[in-house]
Amino acid sequence: MEAQVRQEMQALISKLNTWSQEYYVNDQPTVEDYVYDEAYAKLLKLEADYPDLKQADSPTNRVGGKVLDGFAKVDHEIPMLSLGDVFSKAELAEFTQKLAENVGQDLAYNCELKIDGLAISLTYEKGKFIKGSTRGNGLIGEDITENLKTIKAIPLTLKEPVSVEVRGECYMPKDSFVKLNQAREQEGLPVFANPRNAAAGSLRQLDSKITAQRNLSVFLYYVMEPEKFGITTQAQALKQMQAWGLKVDEHAHLATSQAEIDAYIDQYHDQRQELAYEIDGIVLKANDLTTQKIVGNTVKVPRWAIAYKFPPDEEET
Ligand SMILES: NC(=O)c1cc2c(N)ncc(C(N)=O)c2s1
């Protein structure tokens, strides 16, 4: 009997996790919500009837029970740096020119959207999500594992049993932000000024059940110690994270000239209203990881990357 229940649980978990990956990571659902909800309810019932058969990678583990009375601290062995920023294409051209002189050759840059959220780090051990934290001051962050587990775009289990730390941005989609503020207005609560503040406020909740209701999402954009996985470029790092089942923004583009970089800036400066999430610029990274290592970092920022910030929106007249 037990073996049969375990088998039924594992079948449900596998389907639910696949559907979750399709909907929240790939943005390509293959089943209607009610199909997911029915299977989830069936799993909850089985876990209630056979609690000691509950599986570690069950999606019901996402919503924790305990309310924390504070966040534990996490040491970032590799500091979470911020980014230098420029505010014009001329300054950006100066940056790439100087870097080319420093390295002694022209470089290819991976252009990526700068997501307006808050930086997070996720640690997986043999493919299992074991720890997640905020950037904090770059050296010490807050352990928000319980809250990150509630975010369906963060897989609890990777497609390969790798031990890896990845970093990215947690954000609140624009439509979730509008709905949240409407609800808060109804309840006479103060509204959030922007999706970034809403994401920060939602992620740093001591009660993960509140985080679970906030429809947060993530984009991952760094693999730490990439050489461990035979990764040699940033473009490859993004592809590898996708292959592991992690959510990566698909708007990245490998540019090999200043004209291509400028075109990317113009494209997303114009298209940013259509995006489902807020961006405040673009991030340029030297694509070759050996070059990144050679050029290194200052105390605060990488020398091989720069953020180009869009000018603030002209107020609608
Ligand atoms: N502080 C940082 O290093 C970064 C911050 C961000 C951000 N807000 N959005 C996207 C990226 C990216 N694609 O690399 C980075 S990198």
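Miscellaneous remarks
- Sole exception among (1) outside any loop (DSSP other than H, G, I, E, B); (2) over 30 Å from LYS309 (Cβ atoms) for LYS114, by number: (2)
- Scan of region 273-288 for residues that are open to solvent by 30 Å² or more (accessible area, probe 1.4 Å) and in contact (Cβ under 8 Å) with a residue 60 or more places away in the chain, ordered by number: ALA276, GLU278, ASP280, ASP288
- Checking each residue in region 118-153 for being within 16 Å of the ligand (Cβ to nearest atom), in contact with a helix residue (DSSP H, G or I) (Cβ under 8 Å, 6 or more places away or on another chain) and hydrophobic (A, V, I, L, M, F, W, C) picks out LEU118, ILE120, LEU122, ALA153.
- Among the candidates GLU187, GLU227, the residue that is more than 14 Å from the ligand (Cβ to nearest atom), surrounded by fewer than 16 Cβ atoms within 10 Å (Cβ to Cβ) and in contact (Cβ under 8 Å) with a residue 40 or more places away in the chain is uniquely GLU227.
- Here PHE177 qualifies as within 20 Å of ARG272 (Cβ to Cβ) and surrounded by 20 or more Cβ atoms within 10 Å (Cβ to Cβ).
- Scanning region 293-303 for residues that are open to solvent by less than 30 Å² (accessible area, probe 1.4 Å) and either more than 10 Å from the ligand (Cβ to nearest atom) or free of Cβ contacts under 8 Å to residues at least 12 places away in the same chain (or both) turns up VAL295, GLY296.
- Of the candidates ASP52, ASP69, ASP75, the single residue that is over 29 Å from LEU254 (Cα atoms) and without any contact (Cβ under 8 Å) to a residue 24 or more places away in the chain is ASP52.
- Cβ-Cβ under 9 Å pairs, at least 6 apart or on other chains, region 2-17 side in a helix (DSSP H, G or I), far side loosely packed, with under 12 Cβ neighbours inside 10 Å: VAL5/ASP49
- Entry remark, region 134-164: residues being within 14 Å of LYS247 (Cα to Cα) and either open to solvent by 40 Å² or more (accessible area, probe 1.4 Å) or among the β-branched types (Val, Ile, Thr) (or both) number 5 in total.
- You will find that of LEU92, LEU81, the residue that is part of a helix (DSSP H, G or I), among the aliphatic types (A, V, I, L, M) and under 25 Å from ILE282 (Cβ atoms) is LEU92 and no other.
- Test: TYR268 is within 16 Å of the ligand (Cβ to nearest atom), assigned to a helix (DSSP H, G or I) and in contact (Cβ under 8 Å) with a residue 12 or more places away in the chain: yes
- Taking the criterion of being away from the ligand (no atom under 16 Å from the Cβ), open to solvent by 40 Å² or more (accessible area, probe 1.4 Å) and β-branched (Val, Ile, Thr), the residues of region 66-117 that qualify are VAL67, VAL103.
- Qualifying positions in region 249-258 - among the hydroxyl-bearing types (Ser, Thr, Tyr) and either part of a helix (DSSP H, G or I) or open to solvent by 60 Å² or more (accessible area, probe 1.4 Å) (or both): THR256
- With respect to the conditions (1) within 22 Å of LYS126 (Cβ to Cβ); (2) within 16 Å of the ligand (Cβ to nearest atom); (3) out of contact with any Phe, Trp or Tyr (no Cβ under 9 Å at 6 or more places or on another chain), ARG167 lacks only one, and its number is (3).
- Flag: ALA193 matches the condition of being aliphatic (A, V, I, L, M) and open to solvent by 70 Å² or more (accessible area, probe 1.4 Å).
- Residue in region 59-70 that is under 17 Å from LYS131 (Cα atoms), assigned to a loop (DSSP other than H, G, I, E, B) and in contact with a Leu (Cβ under 9 Å, 6 or more places away or on another chain) present: yes
- Just one residue in the set GLU47, GLU38, GLU8 is open to solvent by less than 20 Å² (accessible area, probe 1.4 Å), farther than 28 Å from ILE279 by Cβ and out of contact with any strand residue (DSSP E or B) (no Cβ under 7 Å at 6 or more places or on another chain); that residue is GLU47.
Results for (1) within 12 Å of the ligand (Cβ to nearest atom); (2) not in a helix (DSSP H, G or I), shown as yes or no for each residue.
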site	(1), (2)
GLU260	no, no
TYR264	no, no
ALA276	no, yes
GLY281	yes, yes
THR291	no, no
TYR308	yes, yes
ASP313	no, yes
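The values are calculated or read from the model by the stated rules, or taken from the named source; none is laboratory data. Model, not experiment: these values are computed from the prediction. FYI the Cβ positions are ideal-geometry reconstructions off the backbone, even for glycines, and counts take in every protein chain you see. The accessibility values were calculated without ligands, DNA or RNA, using every heavy atom of the protein model including side chains. Shrake-Rupley method; radii C 1.70, N 1.55, O 1.52, S 1.80 Å.
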